[in-house]
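Colleague: Pasting in a structure now, in structure tokens, and then I'll have a few things to ask.
The values are calculated or read from the model by the stated rules, or taken from the named source; none is laboratory data. All values reported here derive from a predicted model rather than from experimental measurement. Note: ideal-geometry Cβ built from the backbone for every residue, glycine included; neighbour counts use all protein chains shown.
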Amino acid sequence: MTIEKIEKQAAEWNKKVGALTVNRVLRTLSDIMAEAKRHGKIKDNPAREAERIKEETDTVTPDKVLTRDELRRVINATESGTVQRIMIMTLALTGIRVGELLAARWGSIDLDNGKFEIKSTMADPDKGQPVIFKKPKTPSSLRAVPLSKELVHELRLWKMKSPLSAPTDLVIISDQLRPVRRRRVLELIEKIVEELKIEKHMTPHSLRHTFASLLLARKTAVPEVSHYLGHKNPGITMTIYAHFTGEHTNAVHDFSASILENVSNDVSTDVSITSGNVR
């Protein structure tokens, strides 16, 4: 294992997960290798020397999300009533994480009231090992997200077609009645984007970013978007989506005008103050 191999692998991980997660893995690897070195199993600790991914890349910019038209095209590239459309639409129209999507069960989805209770997430070792369903790490991730009428319609169609005999009750299920791996979702998105000739690198997380950025562009309140995303606090949302929340307005001008609108009428009464010497 060399520094170059570790950095190359870190770059591959960063295509699927954020820089913060990649760097956390690198720190853990460095700790493991430090112990191996202490016990004389290895001579060097290349993980310690490997360059970390710059975490500011987690800040979302317009080139990392789809426009409204591009998102419409991506959704329409899938067939109605299929699991492929459900995967794309749910990620893009709710902002949930891919692990939360793949862990979703029909029992947690209220189609009558258009609500999805997020109670679990799926960890995917993706090394031939079975997937793991577990409770989300943070309390803020345990949340309810609204489902639009268009998404509810597609979910109803898929529910009628999906293999409901599967013992897991999973919404996203393969033809072999098995959980769908994360890489399958990534491959689907990459294939669609390539076929549509959209020159942007898109991942399942990109659809989450697209959801948030389009909502914020419509002036949706940051705390509301933060809740949908399951962030610990709105400050995290503000930091990640600064490019979509920092729009300038006439607030300062309007505020100033409201204070000074009658200043001309009051000038005569203040003449004694302004005529004095200023020291």
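Colleague: Output the number of the condition that LYS197 fails; it satisfies all remaining conditions of (1) of a type in the set (Lys, Arg); (2) on the phi > 0 side of the Ramachandran plot; (3) at pLDDT below 95.
Modeller: It is condition (3) that LYS197 fails.
Colleague: Could you tell me how many of the residues in the range 75-103 are closer than 13 Å to VAL180 by Cα and out of contact with any Leu (no Cβ under 7 Å at 6 or more places or on another chain)?
Modeller: 5
Colleague: Kindly provide the set of residues from the range 126-162 that are in contact with a strand residue (DSSP E or B) (Cβ under 7 Å, 6 or more places away or on another chain) and of a type in the set (D, E, K, R), ordered by number.
Modeller: Matches in the range 126-162: LYS134, ARG143.
Colleague: Here is a follow-up. Test each condition in (1) more than 29 Å from HIS243 (Cβ to Cβ); (2) acidic (Asp, Glu); (3) modelled with pLDDT under 90 for GLU35 and report the one that comes out false.
Modeller: Of everything listed in (1) more than 29 Å from HIS243 (Cβ to Cβ); (2) acidic (Asp, Glu); (3) modelled with pLDDT under 90, GLU35 misses just condition (3).
Colleague: Out of THR210, THR168, which single residue is in a loop (DSSP other than H, G, I, E, B), in the same structural domain as LEU66 (by TED's automatic domain parsing) and either touching a Lys or Arg at 6+ places or on another chain (Cβ under 9 Å) or under 30 Å from ALA242 (Cα atoms) (or both)?
Modeller: Exactly one residue qualifies, and that residue is THR168.
Colleague: Which helices (runs of 4 or more DSSP H) does the range 14-116 wholly contain that include 1 or more residues that are within 19 Å of the chain's Cα centre (by Cα) and in contact (Cβ under 8 Å) with a residue 40 or more places away in the chain?
Modeller: So the answer is 68-76, 83-94, 98-102.
Colleague: Can you name every residue in the range 117-144 that is of a type outside the set (Asp, Glu), in contact with a Lys or Arg (Cβ under 9 Å, 6 or more places away or on another chain) and either surrounded by fewer than 13 Cβ atoms within 10 Å (Cβ to Cβ) or not assigned by TED's automatic domain parsing to the domain that holds ARG181 (or both)?
Modeller: Hits for the range 117-144 are LYS135, THR138, PRO139.
Colleague: Here are some residues: ALA50, ALA92, ALA103, ALA19. Which one is under 25 Å from ARG143 (Cβ atoms), buried (at least 17 other Cβ atoms within 10 Å of the Cβ) and at pLDDT below 90?
Modeller: Just a single option satisfies the conditions, and that option is ALA19.
Colleague: Would you confirm whether any residue within the range 55-64 is surrounded by 20 or more Cβ atoms within 10 Å (Cβ to Cβ) and within 30 Å of ILE173 (Cβ to Cβ)?
Modeller: The answer is no, given that none of the residues of the range 55-64 is surrounded by 20 or more Cβ atoms within 10 Å (Cβ to Cβ) and within 30 Å of ILE173 (Cβ to Cβ).
Colleague: So, one more: Name the residues in the range 117-139 that are in contact (Cβ under 8 Å) with a residue 24 or more places away in the chain and in a loop (DSSP other than H, G, I, E, B), would you?
Modeller: ASP124, ASP126, VAL131, PRO136, THR138
Colleague: While we're here: Just to be sure I understand, how many residues within the range 140-156 are part of a helix (DSSP H, G or I) and within 15 Å of VAL98 (Cα to Cα)?
Modeller: Matching residues across the range 140-156 total 1.
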